[in-house]
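**Student:** I am attaching a structure below and will ask some questions about it afterwards.
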Amino acid sequence: MCRPGDAGSLSGVITIDGLVKRRGAKEILSGVGFEARPGRVTGFLGPNGAGKSSTLRILLGLDRAQAGTALIDGVPFAALPDPVRTVGAVLDGSGAHRSRTGRAHLRWVARAGGLPLSRVDEVLELVGLADAGAKRVGGYSLGMGRRLALATALLGDPSVLVLDEPINGLDPEGIRFVRTFLRERARAGRTVLLSSHLMGELAETVDDVVVIDHGRIVAQGSLAEVTGAHRNLEEAFFALVSR
Amino acid sequence: MRAELSKLASLWSVWLASAVAVLAPSGIALLNRGVPGPDRGYQELAFGVMGVIILGVVAVSSEYFTEGAESGGGRQITTSLTAVPSRLRFLAAKAAAVALVAALLAVVAATATMSFAAGSSWEPARLAGVVCYWTYTALLAFGVTVLTRHGVVPLVVLLVNTSLVSVTYLLSRFFAVAGYFPDLAGARMFVEPNDTKVEMAPIVGFLVMSGWVAALLAIAAVVFTRRDA
């Protein structure tokens, strides 16, 4: 996975500052700002509707913010010279059209990103979909779809992984796979930013924690700092968001 | 562009569109063998644009097709725009892929149709008009679907207009200005209607339809680059 010689050149700092997003009269984000660093898994936690997905979509250039910046190595996602080799994103579902096979999906993404097509079988292998590559995405289970999304994100072997609710709806085996996988990525010096509303599932996976509620960041720091005097992350979380 | 072509090639609905594009006009020409006429072949080809309408629509609507909630509710457009963050580049590549496939289909369909049609005449200028008309029609369907982000409405409206009841044609019976609708004006590139209120040379028809295509694609590009994906 980690090619020799590139560990030293890896960067991938995510810097988000002062994001404001309104939809109609409703303010979804009110000055969201935090940082995610290489070599760490950063958990972006908050209840449903707190603004996690909006923040990540703005970071990925999918949605526009009214104010603030979301930068990767100092530049917005859309201005990255080589986006697919810098950032991999896992958003809702598989991100693939149901009438294509998993392999056909990965092939067009590889072409769009200027990546060698040999990567397609490598990532299928990596996420455990080697046997399902010729199957249509419409016939995938939820867990398989999520694995395909992860495979897509990994095509460019990026220094940053951004994942929105990656363990949502997965079976225990799938959750364990994702956890182990993300820990390994961080150990290899990559940046991992994942959002979740499932606190208990994440305590063993994350190094740093950012807590969002009603469009505002209510806590951030290392897992130990945010947990503080509380018994565990879950307790700390409910204490923070019920204020 | 190559990625967009490979996206099209791996959608079954694009193959369906291609089959319609080639089989509909050539099949009708085959049925009409016994009735020769000056526009034989060209009439069938005007009708055959249905195939490229489907092509233009599904090229865009497939990006916005939402997976069922049980599979996570994702859409391909997020994958596309994280692979190619420049929206103009993405849209241009997609439009180019659609135009290329539509033009190819037009060439194949025209060749098949003209060889089946009774008493048809191979006129290079008119046949070039057919290819142009098909390509432009695919791009119009593409542009409309970028605006609606959903395939059903543009598909139904555009297909009904070319097949069952031509609303634009009916309007043109009452209002001369309706003759400048893109479908009617563009068809002047290769067929001359005998009951028209507006006289239009093929080159004017070409310019009018070009104007429609340019304007619609410009609007689609502005909207697409500004809105949330």
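The values are calculated or read from the model by the stated rules, or taken from the named source; none is laboratory data. Predicted model only: the values in this text are computed from it and were never measured. Here the Cβ positions follow ideal geometry from the backbone for every residue, glycine too, while neighbour counts run over all protein chains shown. We work out accessible area using only protein heavy atoms, side chains counted, and drop any ligands, DNA or RNA first. Shrake-Rupley method; radii C 1.70, N 1.55, O 1.52, S 1.80 Å.
**Student:** Counting Lys +1, Arg +1, Asp -1, Glu -1, what net charge surrounds A:SER30 among other residues with beta carbon under 15 Å of its beta carbon?
**Tutor:** Numbers: positive: A:LYS21, A:ARG22, A:ARG23, A:LYS26, A:LYS52, A:ARG216; negative: A:ASP17, A:GLU27, A:ASP213.
So the surrounding residues net to +3.
**Student:** Let me ask another. In percent, what relative contact order does chain B have, based on Cα pairs under 8 Å that are 6 or more apart in sequence?
**Tutor:** Details: 329 pairs, mean separation 56.3, N = 229.
With pairs under 8 Å counted, the relative contact order is 25 percent.
**Student:** Please compute, for the alpha-carbon atoms of segment B:146-213, the extent along each of the three principal axes and give them in descending order in Å.
**Tutor:** 36, 23, 19
**Student:** Jot down the per residue volume, in cubic angstrom and as a whole number, of the convex hull over the alpha-carbon atoms of chain A.
**Tutor:** Values: hull volume 30.4 nm³, N = 243.
About 125 Å³ per residue, rounded to a whole number.
**Student:** When Lys and Arg each count +1 and Asp and Glu each count -1, what net charge do the other residues less than 9 Å away from B:ALA97, Cβ to Cβ, add up to?
**Tutor:** +2
**Student:** Per residue of B:5-12, how many C-beta atoms from partner chains lie within 10 Å of its own C-beta, taken as a mean?
**Tutor:** On the way: counts 2, 9, 9, 1, 4, 9, 4, 3.
Other-chain Cβ atoms within 10 Å of each residue's Cβ, averaged: 5.
**Student:** Treat each spin label as a single point 7 Å out from the Cα along the C-beta direction, and report the A:GLU27 to A:ARG183 distance in nm.
**Tutor:** 4.0
**Student:** Do the alpha carbons of any pairs in A:LYS135/B:LYS7; A:LYS21/B:LYS7; A:LYS26/B:LYS94 sit beyond 27 Å of each other, and which pairs?
**Tutor:** On the way: A:LYS135/B:LYS7 16 Å; A:LYS21/B:LYS7 33 Å; A:LYS26/B:LYS94 34 Å.
Beyond 27 Å between Cα atoms: A:LYS21/B:LYS7; A:LYS26/B:LYS94.
**Student:** How many partner chain Cβ atoms sit within 10 Å of a residue's Cβ in peptide B:81-94, on average, as a whole number? Intermediate values should be presented prior to the final figure.
**Tutor:** On the way: counts 8, 18, 15, 7, 11, 4, 2, 0, 1, 1, 0, 0, 1, 0.
Across the residues of B:81-94, the mean count of other-chain Cβ atoms within 10 Å is 5.
**Student:** Is there a simple number for the mean count of other chain Cβ atoms within 10 Å of the Cβ of residues in B:169-182, and what is it? Let's see the in-between values first.
**Tutor:** Values: counts 0, 0, 0, 0, 0, 0, 0, 0, 0, 0, 0, 0, 0, 0.
Across B:169-182, the average partner-chain Cβ count within 10 Å equals 0.
**Student:** Using Cα pairs under 8 angstrom and six or more residues apart, how large is the relative contact order of chain A, in percent? Don't jump to the answer; show the numbers that get you there.
**Tutor:** Numbers: 487 pairs, mean separation 67.5, N = 243.
Result for chain A is 28 percent.
**Student:** Quick one: accessible area per residue over segment B:2-226, 1.4 Å probe, rounded to a whole number of Å²? Intermediate values should be presented prior to the final figure.
**Tutor:** Details: 9700 Å² over 225 residues.
That works out to 43 Å² for each residue.
**Student:** Here is a follow-up. Counting only protein heavy atoms, what percent of the accessible surface of segment A:14-241 is carbon or sulfur at a 1.4 Å probe?
**Tutor:** Values: 4300 of 8760 Å².
Of the solvent-accessible surface of segment A:14-241, carbon and sulfur hold 49 percent.
**Student:** Over chain B, with every protein chain in place, what whole percent of the accessible area is carbon and sulfur at 1.4 Å, could you tell me? It would help to have the intermediate numbers written out before the result.
**Tutor:** Values: 7250 of 9880 Å².
After summing per-atom areas, the C and S share lands at 73 percent.
**Student:** Let me ask something else about it. To the nearest Å, what is the center-to-center distance of segment B:19-34 and segment A:108-173, using C-alpha atoms only?
**Tutor:** 43
**Student:** Going by Cα centres, segment A:20-96 and segment B:122-145 are how many Å apart?
**Tutor:** Segment A:20-96 and segment B:122-145 have Cα centres spaced 41 Å from each other.
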